[in-house]
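Just so it is clear, none of the values below were taken in a lab; they were calculated from the coordinates. Here the structure is a predicted model, which means the values were calculated and not measured. Neighbour counts are summed over all protein chains in view; Cβ atoms, including those assigned to glycine, are modelled from backbone coordinates with ideal geometry.
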Amino acid sequence: MKRIFSWLAMLALAIFLIAPFVWMVLVSLHPAKSPIPDYKDLIPKQPQWGNYKLVLFSPEVPVGRFFLNSIIVAVAVVIGQLFITSLAAYAMARIKFKGAQFLFWLFLASMMFAGVVTQIPVYLFMRSAGLLDSLSALIIPGLSSAYSVFLIRQFLLGLPFELDEAAYIDGASYWVVYSRIMMPLSKPALATVASFTFFSVWTDFFWPLLATNSMRLRTLEVGLSIFKNSYGTTNWPLQMAAAVITLLPMVIVFLFSQRYFTKGIQMSGMK
Amino acid sequence: MAGCGPGPSGGKIVLRIADWGGAGDDSVSAQIERDVYAGFEKLYPNIEIQREGIPGSQDYVKKILLGFISHSEPDVIRLDASSAAVFVDNDILLDLAPLTNGKQGINLSDFFPNTLEVAQRGKSIYAIPVDFTPMVMYYNRRLFDEAHVPYPTENWTWAEFLDRAQKLTKGDRFGYTFTNWMAGWILWIWNNSGDVLDQHGKASSTATSQSTVDAVTFIRDLVNKYKVAPSLSQQAAEGALPFANGDAAMEMSGHWNLTTLTSAPKIHLDDVGVAPIPVSQPGQKPVTVLYESGWAIGKHSQHTDAAWKFIRYFTSAAVQRQLQKTGIGVCARKDIANERAVNDREREFLKIVPSGKNPWGAKVQGYDFVEDEGTKMMDSVLKSGKDPRAALKDFASNVDRELGKQ
């Protein structure tokens, strides 16, 4: 009885959570430009699958290019950030050096600033470096993340120190310990960082909007928002079709990485 | 080098033009716009246009400001009346007065005077108007006829509005639909001789005046007491547009609304009428707001000559005649606006234009904060049942504190 009740509760919760997604898909199938329908008319009489074609193959919005840009940026940032932050985390967690603790505090302190605080200096830096309106402007600022360093460091602190000592006795260098021992054992932490980073890069709107001007350099999130006009003429069915297209890759990634999300939250609480 | 302002590209000048994007589909309006831009490049083969669509009104302001700080703002900038002050009053734009008076000038008397005022400061002018819309009261003639209710008149009052709205409210159908969007509901306050700011940009004296309190009380009563409009939570839950779906008989909106109504399956465009916003007292003159947009030139532009050529081209009668087919706004040129007024509805829009004032955002920097606070204030009145006077008092003190920082 108890089990049935808990299943029913979970089912109700699932319906509640999935309803907006279903609503989004149904609205996307109404004729282009039509207003948001009433609940009773939500199921379209003739589903307009052509809306997806219209968004994907719009003559003035190069959606294929947006997809490619989003993938290039997300993959480059995830790989780059994993490499850089894991090196920093390794040094902070496993190598004893003067000022290590202070350095870690500095990292933690940088997490206290809201992202918007650093946006203008980063923009001006990119401008001075001549990197605005290029994919580099979207990749470089994402290559490091104090949060990722923190997360990996916490995980590495939980691994037995005997592993490093045994390796050093056998003549292993820091690099060998890092690449052959620590990283293979840190796969859960790395997967968590990778999925968090992917989601934040994929859904980032404001930075790609600031840093790029040309249509061909827009990411999916920014490029498709053009269907949402802020001056009252929102084309709701197309806007919703664009939202579904933007969301799908995230749903796929989430299905493969959902367990790391909960792990990630647990990990940040480890010593 | 990317991002450092365009230079010649294959011997061509690259002219960067920023606006807030558009429908972005292959609709007729997008095609018309493409044709207009292509027409310019054909006319001036040495100029290549790089269009930069920046969606989101607040993000648009931030991006252009950041571009200005780093001397990389676009050459030509679409200026929205609602946020014009932040650009015009911060010396971000080129004064176009010398260009308008020059040999290749523009005759400013071709434009509606109240649209020019948005970016005029003394003898300087910082943007040439393109199009605009007055806010009007839309009504659905079919629903009025079915309920045997007379259509709105030119000088109708709040009492007449309420009477009609009550007669039109029946079952699932409402007489009116209210949206908590300050750019719209501020007109209830204006048409009761109230306001949210005074001429010095202060809220404390005007926002707590009896006229303003009475207007907010009237809005509250429409929704909560007389129930002639769906509640905010009812609307949010349904997520639908009641007027476009034939569930509400009246709605306050701008000319752009027609583009949605054209494709709405439950309303016929011939049934759509427009009227001035009702006034609180008989004999009072209705007032509306003009939401206008125009073209400006960035102060750091290296291509002011090409930018001016573009503005002259875009605001010319021939191009505006072509562009106005999109039906999003009313043309800022009087000649073309009159040409386009081929039906009663369009003529009604033009009749309302002389009563149009500029939005506060055209004169006061940081007005977006006032609008955010206004939305919160209205939420507290309509959703939490807060007394309008107390809500407006809090609103005024928050606004004065924030605007006082500037």
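Observations, loosely collected:
- Spacing of the modelled spin labels on residue B:268 and residue A:14, each 7 Å from Cα toward Cβ, amounts to 4.7 nm.
- In this structure the amide hydrogen of residue B:357, modeled in the peptide plane, comes within under 5 Å of the amide hydrogens of B:288, B:289, B:290, none closer than 5 places in sequence on its chain.
- Candidates A:51, A:69, A:213, ranked by Gaussian network fluctuation over chain A, Cα under 10 Å, top entry: A:213
- In percent, rounded to a whole number, the relative contact order of chain B is 26, using alpha-carbon pairs under 8 Å and six or more apart.
- Pair-distance distribution of region B:243-292: all C-alpha pairs, bin width 5 Å, starting at 0; shares per bin in whole percent are 4, 16, 26, 20, 15, 12, 5, 1.
- Contour minus Cα-Cα distance for residue A:159 and residue A:112 (0.36 nm per residue): 14.2 nm
- Between residue B:31 and residue B:211, the C-beta separation translates, for a Förster distance of 41 Å, into a calculated FRET efficiency of about 0.30.
- Among beta bridges identified by DSSP and lying wholly in chain B, the antiparallel ones come to about 65 percent.
- Cα→Cβ-extended label distance, 7 Å offset, between residue A:103 and residue A:46, nm: 6.7
- Measuring r between the beta carbons of residue B:160 and residue A:72 and using R0 = 56 Å, the FRET efficiency lands at 0.40.
- Amide H to amide H, with H built 1.01 Å from N, residue B:174 comes under 5 Å of B:248, B:249, counting only residues 5 or more places away or on other chains.
- Long-range amide H partners of residue B:280 with built H, under 5 Å: B:158
- By DSSP, the beta bridges lying fully in the protein assembly as shown are antiparallel in about 65 percent of cases.
- For the listed peptides A:14-26, B:83-95, a ranking on the average number of other beta carbons within 10 Å per residue, highest first, reads B:83-95, A:14-26.
- Taken as Cα centroids, region B:39-117 and region B:172-209 sit 29 Å apart, rounded to the nearest whole angstrom.
- With a Förster radius of 60 Å applied to the C-beta separation of residue A:79 and residue B:375, the computed FRET efficiency comes to 0.90.
- Alpha carbon centroid spacing (whole Å) that separates region B:243-286 from region A:185-199: 53
- Taken over region B:239-326, the alpha-carbon convex hull comes to 204 cubic angstrom per residue.
- Nitroxide proxy distance, nm - points 7 Å out along Cα→Cβ at residue A:200 and residue A:23: 2.9
- Full-extension gain in nm, residue B:89 to residue B:402, via 0.36 nm per residue minus C-alpha separation: 110.9 nm
- Once the Cα-Cα distance is subtracted from the 0.36 nm per residue extended length, the residue A:187 to residue A:125 segment shows a gain of 18.9 nm.
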